[in-house]
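Notes to accompany the following structure.
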Amino acid sequence: MNQDEVKSILDKYTDHKEYTVIFSGKASKKVDGLYHPDTKEIIIHNKNFQNENSLIYTALHELAHHIDNMENGIVQRNAHGGQWPTILHELIEKAIENQDFIPIDPEKVSNAVRANNMQTKYLKEFGKVCIQLMDHCMTRDYPFEDIYLRVLKMKKGEVLKAMKVFGLDISEEIGPDMAKKVAQIKNPAEREEAIKSGEVPTNTPSKKEMDEYAYLEAEKKKLVKTISKAESRLAEIELALEGKNDN
């Protein structure tokens, strides 16, 4: 399979066809592929693969970045966040339907799913114990912080997530990471929908993030003003130097 054949397969799954697929002809220990949003190039290190199925998966992975870039504007700091996972999952499902990508034996996967979901059960039990312990600390006027920081050596946020998973009785049919994300959804209907769909709605920017954006905008204005003044001063100096040279 060459790069043109891969491009032909990918084109079936997107209307954003203004991209190129390039085989590097090399092997890489760091990544199997990458996407350049500025040039809209999908680079695949084709020497990394022993079979075409794995190569197609990487191609779909990078195509998801391209679609995310075209529709949402890719965020380099967290390129695998936002809408990207949903886009990738949809691409994989379509590719499976068209037999462009062959999934691994479902029975093997189901064992891993069951084992992962068991962690949610233990997470809920941990949350329950923490709630009981926090109540005990309150009755003794003892700082619960000492328990999670010194004894458990955990961050407050992780402990609170476990407590929420128990308090909201999040389903044990999903994995622990998903359970913690679902527990952060305040609306019960949206929470149930997230459990059924397996997708967590994209959060709106937090006040902190918005404040940071406003700060950066203000900083940008200051820099532009400073640069403008510097350019004006530079022009004055150059004119003065030219006058001295004329003399």
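If you take the residues in region 170-190 that are without any contact (Cβ under 8 Å) to a residue 24 or more places away in the chain and among the acidic types (Asp, Glu), which one is farthest from residue 129 (Cα to Cα)?
190
Filter region 33-58 down to residues that are of a type in the set (D, E, K, R) and more than 20 Å from residue 71 (Cβ to Cβ) and give me whichever is surrounded by the fewest Cβ atoms within 10 Å (Cβ to Cβ).
Ranking the qualifying residues of region 33-58, first place goes to 47.
What number of residues within region 104-149 are hydroxyl-bearing (Ser, Thr, Tyr) and touching a Phe, Trp or Tyr at 6+ places or on another chain (Cβ under 7 Å)?
0
Within 23 Å of residue 195 (Cβ to Cβ) and touching a residue at least 60 places away in the same chain (Cβ under 8 Å): does that describe residue 116? Give the steps one after another, and end with the answer.
Working: within 23 Å of residue 195 (Cβ to Cβ): yes; touching a residue at least 60 places away in the same chain (Cβ under 8 Å): yes.
Criteria met by residue 116.
Quick check on residue 61: is it within 15 Å of the chain's Cα centre (by Cα), surrounded by 16 or more Cβ atoms within 10 Å (Cβ to Cβ) and under 28 Å from residue 181 (Cβ atoms)? Explain how you work it out, then say what you get.
On the way: within 15 Å of the chain's Cα centre (by Cα): yes; surrounded by 16 or more Cβ atoms within 10 Å (Cβ to Cβ): yes; under 28 Å from residue 181 (Cβ atoms): yes.
Against the criterion (within 15 Å of the chain's Cα centre (by Cα), surrounded by 16 or more Cβ atoms within 10 Å (Cβ to Cβ) and under 28 Å from residue 181 (Cβ atoms)), residue 61 qualifies.
Any residue at all in region 25-32 that's in the same structural domain as residue 91 (by TED's automatic domain parsing) and surrounded by 21 or more Cβ atoms within 10 Å (Cβ to Cβ)? So that I can check it myself, show each step before the final result.
Quick first cut of region 25-32, residues in the same structural domain as residue 91 (by TED's automatic domain parsing) only: 25-32.
After this cut, where a residue has to be surrounded by 21 or more Cβ atoms within 10 Å (Cβ to Cβ) as well, the list is none.
Within region 25-32, not a single residue is in the same structural domain as residue 91 (by TED's automatic domain parsing) and surrounded by 21 or more Cβ atoms within 10 Å (Cβ to Cβ).
Considering every residue within region 121-132, establish whether at least one is part of a loop (DSSP other than H, G, I, E, B) and of a type in the set (Ser, Thr, Tyr).
Scanning region 121-132, I find no residue that is part of a loop (DSSP other than H, G, I, E, B) and of a type in the set (Ser, Thr, Tyr), so the answer is no.
The values are calculated or read from the model by the stated rules, or taken from the named source; none is laboratory data. Keep in mind that this is a model prediction, so the values were computed, not measured. Backbone-built Cβ (ideal geometry, glycine too); neighbour counts: all protein chains shown.
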